[in-house]
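Reviewing the structure listed below.
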Amino acid sequence: MQRTISAMVGKGSVNHNSRKFKAENVDGNRTHLNIDYCNESIKKVYHELFDCVRQVKMLAKGPQKG
């Protein structure tokens with residue numbers, strides 16, 4: 001069985017990626033099989049994961065000379 005995943009890049013369309021609408025080529029009898037693994041803002045998740053790394057990197061660089 002083939003599996004696919006959708007992710008929003010750029011502005012994107014939350015309705016498209018979360019399948020909140022039914023396109024012409026979609027079998028409505030199977031939509032209950034769709035699984036939302038994660039439906040969070042990519043910006044929010046990025047900050048949760050990487051802000052601390054960026055902060056450590058900035059501290060490691062030390063004061064900027066100029």
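The table below gives the values:
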item: Total residues in the stretch 1-27, condition modelled with pLDDT of 75 or more and either outside any loop (DSSP other than H, G, I, E, B) or surrounded by 10 or more Cβ atoms within 10 Å (Cβ to Cβ) (or both); result: 2
item: Complete set of residues in the stretch 30-62 that are under 18 Å from THR4 (Cα atoms) and not in a loop (DSSP other than H, G, I, E, B); result: ARG30, THR31, HIS32, LEU33
item: Verdict on ARG30 being among the basic types (Lys, Arg), at pLDDT 75 or above and loosely packed, with under 10 Cβ neighbours inside 10 Å; result: yes
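The values are calculated or read from the model by the stated rules, or taken from the named source; none is laboratory data. Bear in mind that the values here come from a model prediction, so they are computed numbers and not experimental data. Backbone-built Cβ (ideal geometry, glycine too); neighbour counts: all protein chains shown.
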